[in-house]
Each structure stands twice: as structure tokens, then as C-alpha cells.
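The values are calculated or read from the model by the stated rules, or taken from the named source; none is laboratory data. No experiment lies behind these values; they were computed from the predicted model shown. Here the Cβ positions follow ideal geometry from the backbone for every residue, glycine too, while neighbour counts run over all protein chains shown.
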Amino acid sequence: MTSFAELRRSISRPSLARRAALGLGSALACSGALASAQEATFALQAKKVLTGTGEAIESGVVLVENGKIRAVGAGLAIPAGWTVHQHDGVVMPGLIDLGATLGGSALLENHESLTPDLRVADGIDLWDPSYAAWLAAGVTSVYVIPPTGSVIPGSGAVVKTAGAPEQRIVSTDAGLEIGLNSGARRRDRAPTSVQGSALALRDLFGHQSPAASVQRAKRGELAVFAHADSAGEVRLAAQLANELGWKARIVGPALPDQALAIVRGAAIPLVLRPLDYGVDERTRRSYGALGATAHPIGFASLAQGGGEPGLRRGAALAVRAGLDPAIAVRALTGGAAAMLGLEARLGTLAPGRDADLVWLDGDPLDLGTRIVAVFVDGKRADRGAEGR
Amino acid sequence: MLALFSLCLAALGAALPNSGIEPPVQAAPDEHPWLIQAGTVIDAKGQRFAPGAVLVKDGKILAVGTGLVAANAKVRDFGAHAVVTPGLIEANAEIESIDRAEEGAEITPRLRLADGLDPESRAWAGLRRNGVTSAFLSPGGRAVISGRGAVVKTMPTADERWILDPAGALKATMGQEPSGGNIVPRFGRPNSIFYRRPTTRMGVTWEFRKAFSDAQLYAAARSAGGPLDPDAQVLADLMASKGEIRMRARLLQDIRTAIRLAEEFGLRLVIEEGIESFRSPEEILAAKAKLIYGPTLFEPAGIVFGFGFATGSVRQQETDRNYLATPARLHASGVEFALGSADYAATDRGLAHQAAIAVHFGLPREVALRACTVVPAMWLGIEKRVGTLEVGKDADLVVWSGEPFELATRPVAVMVDGVFADAQED
Amino acid sequence: MKRSTDPVGWSSCGTRALRRAAAWVFAAGCVGVGLGHASAAPQEPSTPPAEPVATPVAPAAAKPNLFVQGARVLTGRGEELADADIAISGGRIRGVGDFQPPANSAAKVIDARGLTIVPGFVDAASDLLLEAEARAGRTGGSELELALSVDPFDDRPRLTALAAGVTSMALARAAQTAEQGLSAVRKLAYPPREAHAAVGGSALHLRIGLGRDRASKERDLRGLSSLFEGAEKYHGELEKYAKELKEYEEKKAEYDKKVAKEREKEKDKPEAEKSASKEKEPKKPREPKEDLGKAAVFRALQGELPVVLHVEDELDVENALELRRKFGLKLSLRGLSRARAAVDSIAKAGVPVLLEIDAVLPNRELTRTPAVARDLAKAFAEAGVDVAYVSGSRGRELAPHLLDLAAEAVSRGVSRASALRAITYGPARALGLERKIGSIAEGCDADLVAYDGDPFSSAARVRWVMVDGEIVYAADRIEGSAQR
């Protein structure tokens, strides 16, 4: 007997790619020519190359072949016949937003509080205007998550902000979302309390749950993104992670230095909200207090679409408050990819990785720095827009 | 003037970064012991040292007495008027800043309040201001059986050491609080948490009795190989072990109901609040129930911080019947009780104030001290670590500005596990 | 008791309002107490800053007794000086260039090698210092003095902004009411209640239009017109009263003299024959009702008080410029988030603009609002308008980020020099205080911020902040106290 969940999974899994391929096949017939290997093969000479690992190469060369990075380094020999781009500025990997609900409230399934079977990949609108805004701000990959309006709103997908539609979904299940923050609870639907949420999660993970995402999360194959604001919620998230064997990331703690004090022993990575101008002094100093910590961090806009991701601004303000710039760059790129388990494809400039590049006219963490161009899969994707 | 201002700015700069949780201090072994000197030291075991001193090292008490000397100790002398007592133990604290109750169901025995504790809550400082160093945190009363409370130290650490018992006594609530504001579901899809089952005291009792009766049936079925029901299992285990149930019962009728139910299911009873317990102390004595009395208020009717409109009036009706002399009368009747201040615990009318009222209205001072230290320590099962000033016990103590439990006396410093938290700091 | 110095001759009588009115008449008529801003002729496009005019000082004070040496100095007016010294005395800058402190003098020297020094930032409109009710309140009126709404006990936001380099600030509030009140410029280094905190330069804050339909914009325009006309009329009444009062006093004096004389004459006469003067005693004129609001508006009409008009789109700008033409106002515009099309006419009129975050960084919050030009700040900078980036009605959030706002403007195409100018010289000029604050030049207050790198770089930190020649914030406290 097939359970409803299994049935739904069997229906939904291939659907997106198929839909994208079918629905757009005709529309993209012409752009298929642009996607030829020639376009996505070039050499790039830049004043400075940030590899995303924290390393900076002065006068570096990036070789891009068929949308993938072939080599990165100083003084590399450029194969004959290749197009050479010169850039008098900085080149870095495309930024990664570790959590945004691009597509908005259409992704909030709210009929009950624990819906681990739901997959954002089944509801993504690749042509939501927010992707263009994120792209303009240098973000090339977004971990799209359901809005955190319930204890388990479902699993999130990693989507590129540009590129050929059939290639834009990098991962359909990159993480399981769990809401321990107050926004995830409602008074008219059980559980109404933190400890109720804890019990519901223990029950779900303790028993044989039919949900594949739960099974995978239990085996540590699927990362768990636990949203927690207060120190108490962070404490609970760390406890549950330890108890239920999660490969956990704690998302959006209000005061990250407190969260760090709690999760340091458990080595749970932190996903931070980017700072913004309205943020109070205490929170800003809390970001600064992270200082030069070796603890893995990343940034998630947690935006509902519209506006800007604000990732680069947030990282810059954190640096102003005292965060180490090299750590901030890593958090925006390589560190974020590692949190999604996609470090083999995204986040760093290394052989074999996707050629997702951002060109800037200066230090990426200076607020006055402009984005000159954004490349996704080796192809220029922006339209000259600027953004954060 | 400018110089002064610059100092302010510098102070601002210096003060703000301390926002995070301090790294665990208790674990670090002290290089030097603390020698705390005061005019009087009361050890809560019947001894009074004047002048007295307490020697503390690595979070434990090394010595208590008169004329203590320690070579390399850091000395802190609080003066001739100061009195040192063991840290108080709040036997019934309801903290606003945690989700006290799960409202998704009436019977939630597996819930643990410990899961919702926030080490950054301001409540801990509020408790410490009352001289409280350990507390039982009681789940709220919106469910009939609302889960397990927690026993904690009032100075949170980044790790879990501050939680003494994450699975404290199972809490149930009698009376109108679980039913207040509930609406009978009629038709259509209920879309409010107030569409709930018990709407009267009788309904509350019925829910309780049904849960335990079902658990009895379940236990029988389970031993015959039936399926697992984790909720019923908790109740069945409790009955099998003749465990403790902590019932919030305010009016005499609710106290009687609690006694009856505990007897019916073979449970050991702890009565929480017990506002009308003075009306029939014999029944409490006969039932061998533990009584955690309080809060006592100056106002005849309690100002309610509870659940707003839904149960406010209900609570008021129940707490209305408290009398300032109840502790003294209970003592006169031979009932041993601990003091608790419920939702006043973290306010300036917490335990220090509650005990002061009790003393002011006739409770002997040493009985009041026992009701805030030795008795709750025993009842919460933490008497080996806290409750008295004895060699080897946790260095939890309060320094009072004068004789404790006077309305004019306040705690000036509190030490938890060998670490000072001055009243001013909080 | 008449004072000989009293030019109009009736300061000894009448009410406060009357005395004030007299003073204005005097000021307007005789001297024209303009703030420096008045020199910018309305029809001329904004010109490059005039040479700093050294304020005359007493010789003793002019001898510099404090030297900040060896810094890279960005003057706020666009110049950049490498390895420059700043000479200071009496809280003022006495010179910028190459100085050697006189040998064996008591002059203090601050070693600033490796540091970049910029003028203390000026926020030309901010609600940071106002108490909560004044910030959000819906009461308004031209007589409302915002300085009275400063909360003296709310120190933290002020100190936070000061530590971020903001040294002067003009009080302003959100545009809930058509007449928002009278602002004042304050330094942040002093407690708000201290008398010397005020730098001067009040301005009258009004709003026009602001996100409403065309008809209401029209109504706002008419409302403001009648406000100004009402003030003129009120002033006319006051003038008439002053004139009549003068006549009355002359007549009364004459009459009194006469009566006294007659009394003297009749002293010897028998009682029955005594008669009062045949003439009737002159009638005292009736004073018009005191109206502080109208009085304030009249000061604005006289050009004594600059007017800051809160506007949003180009229609509002048009209306604002219309008012300026009609009443000869000394005008600044604030807001302008949708006024891309009006940039040229503003530049032509030479009106300074105060841009809030939604104008500096348009489209930051929502892409779904009607599209506005993203390059608004750039357009203003390139058109040669005097621009000031202000924290406006989000002072608590944005005042500590004034420099960040400028840095972001750079990412939107504004040049670094213009961006820095928009938080230093630009706002000072918009407030008419460019000879006092907002630049590092001879005669200006020694309000300086020292960064340990390029201020626009995120890695740079404020090392110290100086106000009126004294270090009021030092990142390294010990070093700071040594300087003092």
C-alpha cells in the first residue's frame, strides 16, 4: 500500500525539471544557441581574485571552460584562441543567500504545523522578479525556503538566480526547515509553545515517520535549518540537534554571540540575518563580537522577496562592527556552499566548480563598491544593474 | 564637562559588548577561595554564628563558622549588620518569559518546561533579587495536566549545568484556570484555541480522572502486548511508582478534589498555592500532602498577570480568598509547608517579600527560613546540594542588609555556585 | 524709562510679542541678519563654496595651542591634503597646512600620522534627539520649538551617533503635520540642555504634498500660501499697532506735560475752580492678539529663518518653488524621493536639498512600489545642487550610519568627494552654517573625526572624535584621556 506521502513524492520529484523543460522548451529554443560552449569559455584577468575560501590572489587569472572553472591562479597560461577579459577590480564567487522565500506567501502551506513532506521545489516560480533583484546584488544562488510559519514548513531548494531554466535548480532538497522561533507558532494550532514544538519534533523523529525528508535528516544526509531567535530557542535547537542526530544549522539568532556561546561546543554552524541600518546597537556589537571566530557562519536574507537581499551590506556593517573581513567573505560564498552541502559546485573559485562570478570595482565589503558584472555558469547574467 | 562626557562615552563603549552570555565561570577552578564575612551567619540547620564567615572555593562551601581565617583568600566583608543565609529556594515560580503552557491539548504529560527555558531571560535576575538561588519552575495552568516542571539554579550557564532537574514533578491544575474562557465547540470548524473541552471545574476533574483511568486500562493492555501510547505510559509509570503529582489547587473544594484524585490513583500529592488550605489543615495533614503555600498578597484580590481576559477574573476569584496570616495559622495547626510566589517570583514581590509578610503576620522567623530553604530542598530532592550552609554543599548564599524577612530588609548580594551576583548588578 | 539704544523706541512697553516684532522689524530693516546662506542668491545655481572667511578673533585666542599633525585631511569641501597639520585654538581651526608648533610653547600636539581626518558629520534633519512623542506626535504649529522636545535623559542614541562621527545635528521630525515646527542646530558632544549646545541656525519646517493626490497637493499649496499671507497680515497689524502706539505715546507725553503744567498753574486756585485739562486723554490703541506661529512664519518671510519644505515628487517641488518665488523664502527641500524629474529645476533655483534614505537608496525596500530612479543621489550631485544626506525621521536607526549612507551613495554612482561633502559641507550649507561647521577650514569649529583608514572602507574605525577642539570620544580610552 502506498502512503499518501509516498504517492505525493513519486508524483512531485521529477515534475519540476520536466515542467521547466517542457514548458520552456520552445521559448528557449533560440537562447539555446547562446548557451554554446564558446560563450561560456574565456579567460579572466583581474587585479584581485577572492577564491571564496578566504584566500586572495593578486593579479589572478580565472579560466572558465563550458561554464565551469578550469583553473585559478596567478600567472596561468591562457590557452590559445580563448577570449580574454581584463578586469581592473575584484573577482569573487557569486554570493549565496542561505534562506529567502522568493515567491512569497504562495509558498506558505499552513494547514498544519508539521509538514515535512512539503517541498519548496514543487512551488518555485523561476520567473519571480526577485531573482533578478538578487542577481543584480551579486547573489547567484539562493536557498529558497518556505516561510517559517510552522514548526516544519518543509524542505528548501537551491536555485540559481539566472541561467538556463533546466539548470537553475541546483538541488531540490538541500535542507529541512524547522521553526523553533516564535513566528513558527500560532495560538490556534498545536503546538502553541516551545516545549510543545520540542515534543512534536521528538515524536516525529523518534518514531517511524513516513516522510523521506525526516528519514534523511535522521541519517544526517539532509541538513536541518533550525530557525531560532532567542537564546532559549537556540539552546533548544542545539539540544534537539544533539538528541536527534541532526546535521543542524541555527538560523537567524537575534544575538549571534549568545548563540555562539551556546553552540560552540556542539560546533553547529550559524546562519545570520544580515545587519541593516535599523538594527540596534546591542545586536550590532553582538555581530562584531564574533570577531575572528573560526566558527562557521553564513548569511541569509530571510526576505520574502521584493527589495534587495542586503547580504553584502549586512556583511559590510558586520565588518564595521568588528567581524573579520576574510570570514565575512567566506560566509557569503564558500562557507555558505558548505552549509548546503554543495561545496563541490558552488561558493569557491576552484577547478570543476560552476563559473558563478561577480566582478566588483573594489573590496566587496566596502559599501561604496559597485558590482560591474555577474556571471552565472560562465555567462554574463546581469543587465548592468547595481544592487546590494 | 567634556572630560566627564568622554568618560561616559568610553563607558558606553565598554558596557555594550558585554551582551553575550558570559563564558561559564563556575567551571573554572578558583585560584583563591572567597571568605565572606558578616555580622551574622545563619546556616538554616539551627546554628547562628555572630560574627560569622563562610569560606567558599570552587563553587562549594569549605567552612562555616566564627573566626575563620584563610591565607590567600579574597575577603569580602559585608559589615556587622549583614546577615548571611543559605540561598533561598523558590518552590513555585512561574516565569513570564517562557511559554508556560502548551495549549494544543488538555493532557500533555510528556511536555517539559525545561525545553523552553531561556538563559537570557530577565527572570533570573528577578529571582536573584529576591535572594533565590534555586527554583522550581512550574508550567502554566491552561492545560489540566500540563507536563513537567524544571528545577534550576538562577544563574544560567552556557551549558546545561544550571538545570538541576529537567524533568521535575508532573503538574496538574484543578479549579477554573484550565477551563476559564473556554467555549463549547458547537458546529463548524473551531478556529480558536478556546474551543476546548473543559468549561467547568467538573470538566477539569473529569479530564484528569479520564486520563489516569485510561492509563490504568492502557497499562493492563500494554502488559498484554498492546501498542505503545507514550502519554498514557507516563501516567501509568507514575502510578506504578507511586510518584508525585503536583496539583495547583486554590480553593478548599479544589484541594479536596486533589486529595481525592491522588488517593484514587495512588499518587503522592503536592499541593501548589493552596490559598484556602487554612480552612481545613487537618485534611492536608491526614492526606500527608506536601503544601507549597503562596503567593500571599497585600491586596485582597490578586492582580493578575496570567492569561489576560480569558482567565483573569477566574484567577481573581480564586486568589481573592487569601489571608495574610494564613502561613502563621498553618504553622499553628502543625502543617509543614514551603513558600512559593507563583507569578510574582521574579518581581519585587517574590519570595523575600512573601516570607517577610508571613513573618510580619505571625510566622516564626526560623520557620519562615525553613519554608524557603530546607523544606523545599527536601521536597525538590536537591537537599544534598542546597538548602543549608554546610561544608561540601553548593556555595549558594544570600547576604541580607539586616535581619532577613523584615519588610525593610533586602538581599544585598547573592552567590550562586561560588559566583557573586550583586543586587546592583542586576 | 526709555533707552537711548532702542531704535524704534518702544521696547519698554508692550508685550513680549511686540518686543519681538520690533526686533524683527529692526533686524529686517536695518541689518538683515542673514545666516551665511542668505548670500546664495536665489536665482543663481549653487556656486562652488566661497573662500572660507576667517572669523575675527582676539589675538590671544588666535595663537594656536593645539596641533593635529601629519594626517591625511579631507576638508569636506572636496580638497584632499596629504600629510597636513591642523592648528587649533579656542575650539576653532586656525589653519590647515604645514605647521610647526612653536618651540618651548605649551601647545599640545596630537600625532595623527596614518590617520584620515574628516570634518565632524552634520545631520541636517534628524529626530534622534527628540523624545518619542515629539517624533511621532501629530501636533504641529509654526511656533513649536523642537528644542523643547529634546529628551535630556536619553543619552545613548546621542552618544552612539557621536561615536560614529556625527558632531552636529539639526532637529527635525517626520512630516505628520503641515507645520512641523522650529528646528535648531545642536552639537552632540554636550548634554542637550546645556545652553552652548545650540549652534544656532533655526529653521522652520513645513511640508507640502507628500504622497497625496493632486487635489490635496493643491490644497496644501493654498494652505501654505494663506499661512504666509496670514503672517504678512499679522505683521501689518503689528506694524500698525506699533505706529499707533508710538503716536499714542507722543500724544500721551504731550498731554501729561500739559496736565502737569495746568496743575502747576491751578495749584493756588481754590478747590472749586480746579478743572481737568480741556483736552481729552488720548486713547490707547488695541494690541493685536499675540500669535507666535504667525510671528515665526513672518521671520521666515523676512529671510531671517530658513524654511525647510518636506516634499516628495516633482509636483511638490514645483509648488515649493512657486511659494519661494511668491514670498521670497530662503528655502531648502527635504525628502524628494520621487523628484527625479525636478532635479534640473532645483539646480537652476539653487535650492539645497536634504535627502533621506529612500532618496539616497531608492527601491531599497520594495521593488513593487512604483519605479523611482535609482540614480537620484547621483543626479543631484552631478547637477551641482547642495546635497545633504540626513537621517530624517529615522534618526535613531540612521544617524549612526550617516557615513555608511554616503558610502552606499558611492555605489549608486556618486563620487566619493560628493558623498563626503553631502554629510559635511553640504548640510552645513543647507543650514546656513558653512562658516562654522562641516568643513576643515580656517575659522570653522574644530569638529574632527579621525579614522585609521579610508573612511569609506568598512575596515576603517573611528579613532577619535573632536568637538570644539576637545577629544570627546576616543576608541582607545587611555590615549583619549592622555590627549585631554
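Collect the residues in the range B:335-355 that are among the small types (Gly, Ala, Ser) and over 14 Å from B:Asn322 (Cβ atoms), keeping them in residue-number order. Reasoning before the result, please.
Step one: list which residues in the range B:335-355 are among the small types (Gly, Ala, Ser), which gives B:338, B:340-342, B:345-346, B:350, B:352, B:355.
Within the range B:335-355, B:Ala338, B:Ala345, B:Ala346, B:Gly350, B:Ala352, B:Ala355 meet the criteria.
At negative phi, loosely packed, with under 15 Cβ neighbours inside 10 Å, outside the structural domain of C:Arg222 (by TED's automatic domain parsing) and not in a loop (DSSP other than H, G, I, E, B): is that true of C:Ala82 in this structure?
Values: at negative phi: yes; loosely packed, with under 15 Cβ neighbours inside 10 Å: yes; outside the structural domain of C:Arg222 (by TED's automatic domain parsing): yes; not in a loop (DSSP other than H, G, I, E, B): yes.
So C:Ala82 fits the description; yes.
Among the residues in the range B:399-421, are any part of a strand (DSSP E or B) and assigned by TED's automatic domain parsing to the domain that holds B:Trp124? Before you say what the answer is, go through the steps one by one.
Of all residues in the range B:399-421, those part of a strand (DSSP E or B) come to B:399-400, B:411-416, B:419-421.
Remaining after also requiring assigned by TED's automatic domain parsing to the domain that holds B:Trp124: none.
So far as the range B:399-421 goes, no, none of its residues is part of a strand (DSSP E or B) and assigned by TED's automatic domain parsing to the domain that holds B:Trp124.
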Pairs with Cβ under 7 Å, 6+ apart, first in the range B:61-86 and part of a loop (DSSP other than H, G, I, E, B), second surrounded by fewer than 13 Cβ atoms within 10 Å (Cβ to Cβ): B:Asn72/B:His32; B:Ala73/B:His32
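Among the listed residues A:Leu365, A:Leu311, A:Leu332, A:Leu346, which satisfies the condition of being touching an Asp or Glu at 6+ places or on another chain (Cβ under 8 Å), among the aliphatic types (A, V, I, L, M) and within 14 Å of another protein chain (Cβ to nearest Cβ)? Full working, then the answer.
Details: A:Leu365 fails: touching an Asp or Glu at 6+ places or on another chain (Cβ under 8 Å); A:Leu332 fails: touching an Asp or Glu at 6+ places or on another chain (Cβ under 8 Å); A:Leu346 fails: within 14 Å of another protein chain (Cβ to nearest Cβ).
So the residue among A:Leu365, A:Leu311, A:Leu332, A:Leu346 that is touching an Asp or Glu at 6+ places or on another chain (Cβ under 8 Å), among the aliphatic types (A, V, I, L, M) and within 14 Å of another protein chain (Cβ to nearest Cβ) is A:Leu311.
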Residue list for the range B:153-173, filter: more than 12 Å from chain A (Cβ to nearest Cβ) and of a type in the set (A, V, I, L, M): B:Met155, B:Leu164, B:Ala169, B:Leu170, B:Ala172
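Do you know which residues across the range A:236-251 are part of a loop (DSSP other than H, G, I, E, B) and surrounded by 24 or more Cβ atoms within 10 Å (Cβ to Cβ)? Talk me through it step by step, then tell me what you get.
To start, the set of residues in the range A:236-251 that are part of a loop (DSSP other than H, G, I, E, B) comprises A:245-246.
A:Trp246 - this is the single residue of the range A:236-251 that is part of a loop (DSSP other than H, G, I, E, B) and surrounded by 24 or more Cβ atoms within 10 Å (Cβ to Cβ).
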Tally of residues being within 13 Å of chain B (Cβ to nearest Cβ), part of a loop (DSSP other than H, G, I, E, B) and either of a type in the set (Val, Ile, Thr) or closer than 23 Å to C:Ile357 by Cβ (or both) across the range C:155-196: 3
Among the residues listed as B:Glu299, B:Glu276, B:Glu282, the single one being modelled with pLDDT of 80 or more, in the same structural domain as B:Thr173 (by TED's automatic domain parsing) and more than 21 Å from the chain's Cα centre (by Cα): B:Glu282
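Restricting to the range B:99-121, count the residues that are touching a Ser or Thr at 6+ places or on another chain (Cβ under 7 Å) and not small (Gly, Ala, Ser). Quick ask: steps written out before the conclusion?
First, the residues of the range B:99-121 that are touching a Ser or Thr at 6+ places or on another chain (Cβ under 7 Å): B:99, B:101-104, B:108, B:111, B:116, B:118, B:120-121.
Filter once more, so that each one left must be not small (Gly, Ala, Ser): B:99, B:102-103, B:108, B:111, B:118, B:120.
Residues meeting the conditions: 7.
Considering each of C:Ser332, C:Ser391 in turn, give the residue that is small (Gly, Ala, Ser) and farther than 25 Å from C:Glu229 by Cα.
On the way: C:Ser332 fails: farther than 25 Å from C:Glu229 by Cα.
Of C:Ser332, C:Ser391, the one residue that is small (Gly, Ala, Ser) and farther than 25 Å from C:Glu229 by Cα is C:Ser391.
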Members of the range A:285-308 that are within 12 Å of chain C (Cβ to nearest Cβ) and either crowded, with 23+ Cβ neighbours inside 10 Å or in a loop (DSSP other than H, G, I, E, B) (or both): A:Ala303, A:Gln304, A:Gly305, A:Gly306, A:Gly307, A:Glu308
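Looking at the range C:341-358, which of the residues that are touching a strand residue (DSSP E or B) at 6+ places or on another chain (Cβ under 7 Å) and at pLDDT 85 or above is farthest from C:Ser126 (Cα to Cα)? Steps first, please.
In the first step, residues of the range C:341-358 are kept if they are touching a strand residue (DSSP E or B) at 6+ places or on another chain (Cβ under 7 Å); the result is C:346, C:351-356, C:358.
The next check asks that each one be at pLDDT 85 or above; those that pass are C:346, C:351-356.
Values: C:Ile346: 22, C:Val351: 19, C:Pro352: 16, C:Val353: 14, C:Leu354: 11, C:Leu355: 11, C:Glu356: 10 Å.
Top of the filtered list is C:Ile346.
With the structure loaded, tell me whether A:Leu255 is touching a Ser or Thr at 6+ places or on another chain (Cβ under 8 Å) and within 14 Å of chain B (Cβ to nearest Cβ) or whether it fails that test. Before the answer, list the steps.
Values: touching a Ser or Thr at 6+ places or on another chain (Cβ under 8 Å): yes; within 14 Å of chain B (Cβ to nearest Cβ): yes.
When the stated conditions are applied, A:Leu255 passes them.
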Filter pass, C:Arg421 being out of contact with any helix residue (DSSP H, G or I) (no Cβ under 7 Å at 6 or more places or on another chain), under 23 Å from C:Ser183 (Cα atoms) and more than 8 Å from chain A (Cβ to nearest Cβ): yes
Count - residues of the range A:185-231 that are away from chain B (no Cβ under 12 Å), within 24 Å of B:Ile95 (Cβ to Cβ) and among the hydrophobic types (A, V, I, L, M, F, W, C): 1
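Here's the yes/no breakdown for (1) over 25 Å from the mean Cα position of the chain (by Cα); (2) under 14 Å from C:Gly165 (Cα atoms); (3) of a type in the set (S, T, N, Q); (4) away from every other protein chain (no Cβ under 13 Å):
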position	(1), (2), (3), (4)
C:Glu397	no, no, no, no
C:Ser411	yes, no, yes, no
C:Ser415	yes, no, yes, no
C:Gly432	no, no, no, yes
C:Arg435	no, no, no, yes
C:Phe456	yes, yes, no, no
C:Ala459	yes, no, no, no
Filter result (assigned to a helix (DSSP H, G or I) and modelled with pLDDT of 90 or more) within the range C:321-340: C:Leu321, C:Glu322, C:Leu323, C:Arg324, C:Arg325, C:Lys326, C:Phe327
Pairs, first within 7 Å of chain A (Cβ to nearest Cβ) in the range B:113-125, second in a loop (DSSP other than H, G, I, E, B) and of a type in the set (Lys, Arg), C-beta under 9 Å, six or more apart: B:Leu113/B:Arg100; B:Gly116/B:Arg100
Among (1) within 11 Å of chain A (Cβ to nearest Cβ); (2) within 23 Å of B:Leu397 (Cα to Cα), the one test that B:Val54 misses: (1)
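Taking the range A:164-175 as the search range and keeping residues that are of a type outside the set (Ser, Thr, Tyr) and surrounded by fewer than 24 Cβ atoms within 10 Å (Cβ to Cβ), which one is nearest to the other protein chains (Cβ to nearest Cβ)? Spell out the reasoning first.
Quick first cut of the range A:164-175, residues of a type outside the set (Ser, Thr, Tyr) only: A:164-170, A:173-175.
Keeping just the survivors that are surrounded by fewer than 24 Cβ atoms within 10 Å (Cβ to Cβ) gives A:164-170, A:173.
On the way: A:Ala164: 24, A:Pro165: 22, A:Glu166: 26, A:Gln167: 25, A:Arg168: 20, A:Ile169: 23, A:Val170: 24, A:Asp173: 27 Å.
By that ranking, first place goes to A:Arg168.
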Residues located in the range B:100-158, provided they are within 18 Å of the chain's Cα centre (by Cα), within 17 Å of A:Ala198 (Cβ to Cβ) and charged (D, E, K, R): B:Arg100, B:Arg112, B:Asp115, B:Asp118, B:Arg148
Residues of the range A:48-68 that turn out to be part of a strand (DSSP E or B), β-branched (Val, Ile, Thr) and surrounded by 22 or more Cβ atoms within 10 Å (Cβ to Cβ), as a count: 3
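From the list C:Arg394, C:Arg461, pick out the single residue that is surrounded by fewer than 24 Cβ atoms within 10 Å (Cβ to Cβ) and within 30 Å of A:Leu102 (Cβ to Cβ). Don't jump to the end; show me each part of the working.
On the way: C:Arg461 fails: within 30 Å of A:Leu102 (Cβ to Cβ).
C:Arg394 is the lone residue from the list that is surrounded by fewer than 24 Cβ atoms within 10 Å (Cβ to Cβ) and within 30 Å of A:Leu102 (Cβ to Cβ).
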Single condition A:Glu343 does not satisfy, out of (1) assigned to a loop (DSSP other than H, G, I, E, B); (2) in contact with a helix residue (DSSP H, G or I) (Cβ under 7 Å, 6 or more places away or on another chain); (3) more than 23 Å from A:Glu166 (Cα to Cα); (4) not aromatic (Phe, Trp, Tyr): (3)
